[in-house]
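This report concerns only the one structure given below.
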Amino acid sequence: MDFVGRRNLFFLISFVVTLMSIISLLLPGGLNTGLEFTGGSSMTLEFQKAVSQENLRSQFTALGHPDAVIQRLGEGSFFIRTRTLEESQSDEPSERERIISDLQTNLGSGVEISDFFSVSPSIALETVNNAILIMVIASVAILIYITWAFRRVPSPFRYGISAIIALIHDVVVVMGVFSIVGRIFGLEVNAMFIAGVLTIIGYSVHDTIVVFDRIRENLTRGIGRDLSTTINISIHDTIGRSFNTSVTLLFAIMALLLFGGPTIQDFLIVLLIGIIVGTYSSIWIASQMLLVWETGDLSKLFRRLPLQFP
């Protein structure tokens, strides 16, 4: 199969998917951020008697939490998310204790907190800044490493930039698809999401380096009459390994999604999306971007764009 000859089709697919992802992220409610990024408190309440979700919502409204998120987890079990609850002052009970006391009195049912988590807004802002900083540091480190590793081929810096472009493509698409899925299933962006994205960055770059390394070997051995042919042969040499590795990982992730707990669900969904996107970009984006840059087709493409303004 002539992968290189169909590069415009692959670029078009990536452009459409990336554009849809960006639109979903820019629309209101693009990412349903969790407590780690917005601040607030969450708790899991276990009631001894049956309690309706509507009745529980009215109780939280009366307690000064009209915006509380209330989700039923099971019979008598609810997940509650509110603004950050105040801690106890001197001998006074904390806001959490007052809520539990009022719920027991008003609903006539014993209630216990099986899980509680709270993050202040300042810590949430710090988490956002740290997440962005980690992404930037990882990208720069990857660029430096690939440039150094391919220093014996012409224009090694282009190998690094092409890998970073594929990496950015993967992150944007993963976030966009997660945004779309999150709107349907209510998935939240939390610390596990960041861990998943960082894992995908590592996986995608590893897969890209495998393809690039075969391109370097074939260039050194003089296989292929030109760069286009060499890249096409290199993709054929590595595509089986890439697909076999990805399918094996997907089976493992699907098994964990079916039988694992809900705590790692967001992490697994990010991995599921990211492995598919990362495999695609390593074969059809990174290497093709390297080709159009080396042959000068990238500048020709920009010159063909209708940059006419009224």
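May I ask you to derive the relative contact order of the chain, considering only C-alpha pairs under 8 Å and at least 6 residues apart, and to give it as an integer percent? Provide the component values of the computation, followed by the final result.
Values: 377 pairs, mean separation 69.8, N = 310.
It rounds to 23 percent for the chain.
Of Arg158, Arg241, Arg225, the residue with the largest accessible area leads and the full order is Arg225, Arg241, Arg158 (1.4 Å probe).
Using a Förster distance of 35 Å, how high is the FRET efficiency between Ile134 and Asn8, based on the Cβ-Cβ distance and rounded to 0.05?
On the way: r = 34 Å, r/R0 = 0.98.
That pair, Ile134 with Asn8, gives E of 0.55.
Roughly to the nearest percent, how much of the accessible area of the stretch 33-81 is carbon and sulfur, given a 1.4 Å probe? Spell out each step's value before the answer.
Working: 1110 of 2330 Å².
It is 48 percent, rounded to a whole number.
If you roll a 1.4 Å probe over the heavy atoms of the protein chains, what accessible area per residue do you get for the stretch 73-182, in Å²?
Numbers: 6000 Å² over 110 residues.
Solvent-accessible surface per residue comes out at 55 Å².
The heavy atoms of Leu27 present about 90 square angstrom of accessible area, all protein chains included, probe 1.4 Å.
Under the Kirkwood approximation for Rh and a Cα-based Rg, what ratio Rg/Rh is obtained for the stretch 1-124?
On the way: Rg = 22.0 Å, Rh = 17.5 Å.
So for the stretch 1-124, dividing Rg by the Kirkwood Rh gives 1.25.
The 1.4 Å probe gives accessible areas that order Val171, Val247, Val197, largest first, as Val247, Val171, Val197.
Measuring nothing but how far apart in sequence close Cα pairs (under 8 Å, 6+ apart) lie, relative to its length, the stretch 167-248 scores a relative contact order of 25 percent. I want to verify a result. In a Gaussian network model of the chain, Cα cutoff 10 Å, which of these has the top mean-square fluctuation: Phe193, Phe178, Phe150? Of the options given, Phe150 has the highest mean-square fluctuation.
Counting protein heavy atoms only, the stretch 165-259 has 68 percent of its accessible area on carbon and sulfur, 1.4 angstrom probe.
The residues of the stretch 224-292 expose on average 44 square angstrom of accessible surface per residue, using a 1.4 Å probe on protein heavy atoms. Against the main long axis of the alpha-carbon atoms of the chain, helix 156-185 sits at an angle near 30°. Accessible area of Trp293 (1.4 Å probe, protein heavy atoms only, ligands and nucleic acids ignored): about 70 Å². The long axis of helix 7-26 is offset from the longest Cα principal axis of the chain by roughly 20 degrees. Here Ile264 sits with roughly 60 square angstrom of accessible surface, probe radius 1.4 Å.
Taking amide H as placed 1.01 Å from N in the peptide plane, Leu73 has its amide H under 5 Å from the amide H of Phe78, Phe79, each at least 5 places away in sequence or on another chain. The mean of 1/r over all distinct Cα pairs in the chain, once inverted, gives the Kirkwood hydrodynamic radius of 22.6 Å.
Along the stretch 52-57 the Karplus relation, 6.51 cos²θ - 1.76 cosθ + 1.60 evaluated at θ = phi - 60°, assigns HN-Hα couplings of 7, 5, 5, 5, 5, 5 Hz to successive residues, with x for each Gly and Pro. Here Phe243 and Asp67 are evaluated by their C-beta separation; at R0 = 35 Å the FRET efficiency comes out at 0.15.
The values are calculated or read from the model by the stated rules, or taken from the named source; none is laboratory data. Model, not experiment: these values are computed from the prediction. Methodologically, a virtual Cβ is constructed for each residue, glycine included, from the backbone with ideal geometry; neighbour enumeration extends over all protein chains shown. The accessibility values were calculated without ligands, DNA or RNA, using every heavy atom of the protein model including side chains. Shrake-Rupley method; radii C 1.70, N 1.55, O 1.52, S 1.80 Å.
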